[in-house]
Amino acid sequence: MHRPVARTLPMLALAAALVSTGAAAPPSAASTPAKVPVAAGYGGAVASVDADASAAGIAVLRSGGNAVDAAVATAAALGVTEPYSAGIGGGGYFVYYDAASRRVHTIDGRETAPASATATLFQENGVPIPFAEGQTSGRGVGVPGTPATWESALDAWGSRPLGQLLKPAEKLARDGFTVDSTFRAQTELNQDRFKDFPDTGKLFLPGGALPVVGSTFKNPDLAATYAELRRKGASALYRGPIAEDIVNAVRTPPVDPAATRKVRSGDLTTADLRAYETKRQAPTRVGYRGLDVYSMAPSSSGGTTVGEALNILERTDLGSLSEAQYLHRFIEASRISFADRGRWVGDPAFEQVPTRELLTQRYADSRACLIRPDRALTSPLAPGDPRHPAPCATAGQAAPTTYEGENTTHLTVADRWGNVVSYTLTIESTGGSAITVPGRGFLLNNELTDFSFAPAFPGVPDPNLPGPGKRPRSSMSPTIVLEHGRPVLAVGSPGGATIITTVLQTLIGHLDRGLPLVDAIAAPRASQRNQTTTELEPGLWNSPVRAELEAIGQGFRQNPEIGAATGVQRLPDGRWLAAAETSRRGGGSAMVVHPHGHP
C-alpha cells in the first residue's frame, strides 16, 4: 500500500500563509480584503474565489459560527460578487464532515426539470434544437435548489439562523463591491446576451456600458430579495411573490422587443417550485493510498468518476513515474472513467445507476488493464459493464461525451471543532440563462442544458435524457478526504465536466507527486473526457512533456484555463491551511481566523 506523502508548505507558500487575512466586520466595497492564495492558522479556514465572500465566512467563524454557517454566508456573498457563476437562481452539492460523529453527509441541491418535461424537451420535430437556443431561454431553466440547500444544511448541522447569515451578503449587495478584471471580462463575454433582456442589461450593463474595473457595483434588488429571504426563510423563493416572478420570467422571458435572438419559453410552474426538495443521501467512498475519499453520489457524476479513476490508479506508483508517464496514466484513467460515466450515470430516481459497482476495485482493475505505457487509447472509448467485470472488456457502442458548460464556483470551509464543508454551486453557463428575474436582482440558471438534448449516439442507452422532475447529470465533485476518520483535506472546483479532471489531478498531484496543496491547485492542468483530444493549459502545451506524450499517441488541443479550485487541509501541527488559485480567474482568496498562532 502506498502511503500519502508528507504534507508540507514550500517557503514561498509559508511566507504567504503568515499574511494576516480576514475582516472582523462584514465586507464592503470600501474595505475589500486583499486576495491571498494560501493562509494557515487556527480557528478555522475559508477558501473561495472571492475575497469579500471568504471574509464573510471568516467573520461567521470568528463570531462562533460553525463550518456550515460559514459556508452558507460565503455562498450567499458569492451570489453577489460572482453572480454569473452562482446564486439563488441555481443549485449545487453540499458535502459535510461532522467531527462529532466522524461521518460524511451530503445534500443534493441540484435543479430539477418541470413536471411537464419529456425526453424530447430540447428537440423540435425529432431534431435537437441549437445549444444556444437552450442556453439563453426559459426552456433551459430548472427549479433552483440553492436556497433549499442552505436551509437543509442549517436545519441539520448549523448553529445560526439563515436570516442572520444572509446579512453580510445583503449588505454587500446594497453597499456594493469593487469590480475586478474577471467580473468585467465575464460581463463582456455575455454582453450580446445580456443586452437582449432589459432587466439584465440595466443591472449588469448600466447605461449600456461594461462595468469599469475599480468601480463599485451595487445590486439593490438582490439586497431586497435577500432581506425577504431573511424575514421569511428559504421557502419564500418556492412560494409567494418571488416564485411567481420566477415562473413569469421563465414562461414569458422578458426580452427586448428589438432583439433578434430567438428566446424559447419554458414550462415551469408554481407547483414545480412548491414541490422542490433537496435530497440527503450517502456519499460515494473509495480508498486511496490508505485514505478514505468521499464525494457526491448521483445525480452528480463527480463522486463515481473521480472515484473510479482513483481506483484505476491505485495500483500504480505515480510518485515514481516520469512527468510524461504520470500524465499519461492520469489522462487514460480519466478517459476510461468518462466512458463509463456517459453510459451509466444519471439521476438515480429515474435510472438504474450502478453506483456501488462502478466504485469497486475489481471493476477498476478490469478497466485499468486497458492502459499501456507505450500507447494511448483512442476516444470515444466504449464503456465497460460494472455489473459484470471482465478484464479489458467493453460493453456496447462507444459514445462521445456531451457538452457541459464550464462555469460554477466552489468554496471550502473548516471550523475550530474540525467540521468541514466542501460545497460546489452553479447557475451552469457563465451568466446562466441571461434572464434576470425582474425586480429581484438574480440570474436564472440554464441547468437543464446539462441534459443530453438527444442520445449521445444512436442506439446507445443514454441515462441523461430529460424527464419530469428529473435532475440533470452534473460533474460537480466536492470532495473530503479522511485518514482514520479525521479530515486530511477537502477540495473542489468549477469548470463543467473539467471539474472531475481538476479535482482528480489536484488530489494525485498532492497525494502522489508531493506537491503542497496550493501548488497542486496551481499546477498546469490537462483534461481528458473521452474525447479525441486532451485539453492542455499553456503550461503543459508549451512544455517538452507534450512531445513525449504525442510520441505515444496522445493528441492535444489548447484550453487557456481549466477550473478554479479551492481547498482546505489539516496540517500535522493542528493548524488549518486554506488554499486557492494563484492566478486562474484572477486568483482566489484563502483566509484563516487566527493566522498568527493559537487563540
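The values are calculated or read from the model by the stated rules, or taken from the named source; none is laboratory data. Not measured: the values here are computed from a predicted model. Here the Cβ is made from the backbone with ideal geometry for all residues, glycine too, and neighbour counts use every protein chain on show. Just so you know, the surface numbers come from the protein's heavy atoms only, side chains and all, with ligands and any DNA or RNA stripped out. Shrake-Rupley method; radii C 1.70, N 1.55, O 1.52, S 1.80 Å.
Surface composition of the chain: carbon and sulfur make up 52 percent of the accessible area, probe 1.4 Å. Taking a span of 20 Å or more along the helix axis (Cα atoms) and a mean Kyte-Doolittle hydropathy of at least -1.0 as the rule, the DSSP H helices of the chain that qualify are 67-81, 323-344.
What the Cβ-Cβ distance of T533 and H484 gives, at R0 = 51 Å and to the nearest 0.05, is a FRET efficiency of 0.80.
Counting every alpha-carbon pair across segment 290-383, the share separated by more than 24 Å comes to 20%. Picking from P463, A71, P544, whose Cα lies most toward the positive end of the charge dipole for the chain (charges on Cβ: Lys, Arg +1; Asp, Glu -1)? Selected residue: A71. The protection proxy used here, the mean number of other Cβ atoms lying within 10 Å of each residue, ranks peptides 168-174, 374-380 as follows, highest first: 168-174, 374-380. Dividing the convex hull volume of the alpha-carbon atoms in segment 445-599 by its residue count gives 191 Å³ per residue. Computed on segment 389-494, with alpha-carbon pairs under 8 angstrom and 6+ residues apart, the relative contact order is 27 percent. Within the chain, the ratio Rg/Rh, alpha carbon atoms throughout and Rh by Kirkwood, equals 0.95.
Projected onto planes of every orientation and averaged, the convex hull of the alpha-carbon atoms in segment 397-472 covers 8.3 nm².
When only Cα pairs below 8 angstrom with a gap of at least 6 residues are kept, segment 357-440 shows a relative contact order of 21 percent. Computed on protein heavy atoms with a 1.4 Å probe, the accessible areas place K202, K262 in the order K202, K262, largest first.
Label zone of A185 (point 7 Å out along Cα→Cβ, amide N under 18 Å): in segment 557-576 this covers 558-566.
For the peptides 181-191, 435-445, residues were scored by their other Cβ atoms within 10 Å and the scores averaged per peptide; the highest-first order is 435-445, 181-191.
Shape summary: segment 552-599 maps onto an equivalent ellipsoid whose semi-axes, from the alpha-carbon gyration tensor, are 33, 14, 6 Å in decreasing order.
In this rough spin-label picture, where each label sits 7 Å from Cα along the Cβ direction, the S63-D245 distance is 2.5 nm.
Normalised by residue number, the volume inside the convex hull of the Cα atoms of segment 69-112 is 72 Å³ per residue. Taking all protein chains together and a 1.4 Å probe, the residues F330, F556 rank F556, F330 from largest to smallest accessible area.
Its Cα gyration tensor gives segment 521-574 an equivalent ellipsoid. The semi-axes, each the square root of 5 times an eigenvalue, are 28, 13, 11 Å from largest down.
The length gained on full extension between A224 and V127, counted as 0.36 nm times the residue separation minus their Cα-Cα distance, comes to 30.7 nm.
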